[in-house]
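To start, the structure itself, in structure tokens.
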Amino acid sequence: MSAPATPTPDMHEPLEGAGPLISVMMPVYNGGDALVATLANLRLQTWTDWEAVILDDGSTDQTPSILARFAAADPRMRIHRQDNGGRGVARNAVLARCRGELIFVWDGDDLAGLDTLEQAVTAWRTAGPRSIVFAETLWGFNDDRGIHSDLRYPWTSALQHQVGVGQKTVPNPGALIPRAAFAEVGGYDPALRRCQDAHFFWRAASAGWKLAPYQPTLFYRMTSPYYHLSYLRDTFHWAGVAKARLANPSAPPDTTPPKLRLLPTVRFFLARWVAIRRFRASAVFLAKQQSLAEVQTAIHRHLATLP
């Protein structure tokens, strides 16, 4: 088998001896108050055999002091710091330090049901050892509105076809990935500003890794249920670049996002508006609001006991 085309850390052997089953991967940049809630949420998980490898990617806010506080309270949280290198570089730096057999992706501002790690392990064991499990649905939320939208797999739209991206994308938050997958196909491509996760999943699927959905309660922080045009243009541009680098990993990425075509863009926002309206009228919406409230209450109670 040829060497992975994408730079990857040496993950064939655990670091510092045998580690826990799960390494929670969490690069952070200027996490702020959201990071406090996320770290408390992690400590409340029913699955306890984990380590958290948390990388401060050159934050300029109170992130270092937040991480120091939690690390002092919980030795399972291993803190590292580097100058700001961007998403791909930061994720690969975290991977190089992970000791667990399985890598759980948890962004530094997201929240999750208290049994999420347990659900992920169960799903992976059911799917088989050569599997990557991912959250089939993420529940979009922010602190002002609570739950405001649902994001469902497959995350495809007419906009993706503007840049010729035919592959389906799966969400990175909540994914449980064997270390062996990274060792085989490589880590995250640091040349990509966005869509490093999609690029990794496409490579893993091409190498024969099974992508299997599961149903955790995972809350994905979004400032709005809708998307800014600049965000969409940038994201779908980099999805196209990621696809191009599948065929030619050494090709320099085009850093100029194209203009979005009017009709597909209007259709996308109209479909998004209809989907959100339907979701907010459903019983699922009320149930997920209640679930989020319960998680946030547990977090507040936990923080009250933290030194």
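Below is a table of values for the structure above.
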item: Size of electric dipole in the chain: Cβ of Lys, Arg +1 and of Asp, Glu -1, about Cα centre, debye, nearest 20; result: 1120
item: Of Pro252, Pro216, Pro64, the one that fluctuates the most in a GNM where the chain has Cα springs shorter than 10 Å; result: Pro252
item: Euclidean distance of C-alpha centroids, region 236-305 and region 38-90, integer Å; result: 24
item: Selected from Leu229, Leu55, Leu176 as most flexible by GNM, with the chain as the system and alpha-carbon contacts under 10 Å; result: Leu229
item: Gained length - Lys210 relative to Ala73, 0.36 nm times residue gap less alpha-carbon distance; result: 45.6 nm
item: Nonlocal Lys pairs with alpha-carbon distance under 20 Å, region 22-305 (8 or more apart, or different chains); result: 4
item: Fewest-first sequence of Phe141, Phe269 by Cβ atoms within 10 Å of each Cβ; result: Phe269, Phe141
item: Inter-site label distance for Glu118 and Val274 at 7 Å from Cα along Cβ, in nm; result: 4.0
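Bear in mind that the values in this text are calculations on the coordinates, not laboratory data. Computed from a predicted structure; not experimentally measured. Glycine also receives a Cβ, built like all others from the backbone with ideal geometry; neighbour counts cover every protein chain displayed.
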